[in-house]
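The values are calculated or read from the model by the stated rules, or taken from the named source; none is laboratory data. Keep in mind that what you see is a predicted model, and the values were worked out from it rather than measured. Positions of Cβ are backbone-derived with ideal geometry, glycine not excepted, and every protein chain shown enters the neighbour counts. Side chains are part of the model used for accessible areas, which takes the heavy atoms of the whole protein and leaves out ligands, DNA and RNA. Shrake-Rupley method; radii C 1.70, N 1.55, O 1.52, S 1.80 Å.
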Amino acid sequence: MTTLGLVIAQFNRPITERMEAAALEAAETAEADVYDVVSVPGVYDAPLAADRLARLEAVDAVVVIGTVITGDTDHDQVITDAAAGRLADVSLERDTPVTLGVTGPGMSAAEARERVENAAKAVDGALALVEELPTNEPAD
């Protein structure tokens, strides 16, 4: 059984709460175990939590959930670029799949609500990576 760690951004909580439910339902449907759900203030804060989960031997993959809604500045672009880059680094540095169930940038709150199911897709992606990636174990 695959074991996941989930990181959930609390900013825009009315939306991320629904995303969290979709991710947990996807994990249950796939019969994956959820080791822990770690709440962070926002998407920008997710890489540290993802790294901590990825360090745990019990965790096979990490799923990061959040939404970044556009405002009057480029802040949404800056946040998502920084978070996505560092999450990719965590995945490579820890040799653990880390999937990005973060919607945005450049979307309205209404568009974010329409993309809640992206959280389930991130769970599915994490499970597929665990299944498909070759192991580092020596061949017999």
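Details
- Choice from 47, 105, 97 showing the highest fluctuation, given a GNM over the chain with Cα pairs closer than 10 Å: 105
- D_trans [Stokes-Einstein, Kirkwood Rh over alpha-carbon pairs] for the range 75-131, 10 °C, 1.306 mPa s, µm² s⁻¹: 129 µm²/s
- Measuring only protein heavy atoms, the 1.4 Å probe finds residue 94 accessible over about 80 Å².
- Per residue, the chain exposes 56 Å² of accessible surface when a 1.4 Å probe is rolled over the protein heavy atoms with every protein chain present.
- Sequence of 29, 73 from largest to smallest accessible area, 1.4 Å probe: 29, 73
- Measuring spread by the Cα atoms of the range 15-98 yields a radius of gyration and Dmax of 13.5, 42 Å.
- Choice from 111, 57, 20 showing the highest fluctuation, given a GNM over the chain with Cα pairs closer than 10 Å: 57
- C-alpha center-to-center spacing [the range 3-77, the range 87-116] in angstrom: 8 Å
- Electrostatic bookkeeping for residue 108 treats Lys and Arg as +1 and Asp and Glu as -1; over the other residues with beta carbon under 15 Å from its beta carbon, the sum is -2.
- Taking the 1.4 Å solvent-accessible surface of the range 2-94 as the whole, the part contributed by carbon and sulfur is 49%.
- Here the Debye sum runs over all C-alpha atoms of the chain as equal scatterers in vacuum, and log10 of I(q)/I(0) at q = 0.10, 0.13, 0.18 Å⁻¹ comes out as -0.30, -0.50, -0.92.
- Estimated from helices alone, the mean residue ellipticity of the chain at 222 nm is -15500 deg cm²/dmol (sum of -39500 (n - 2.57) over DSSP H runs with n ≥ 4, per residue).
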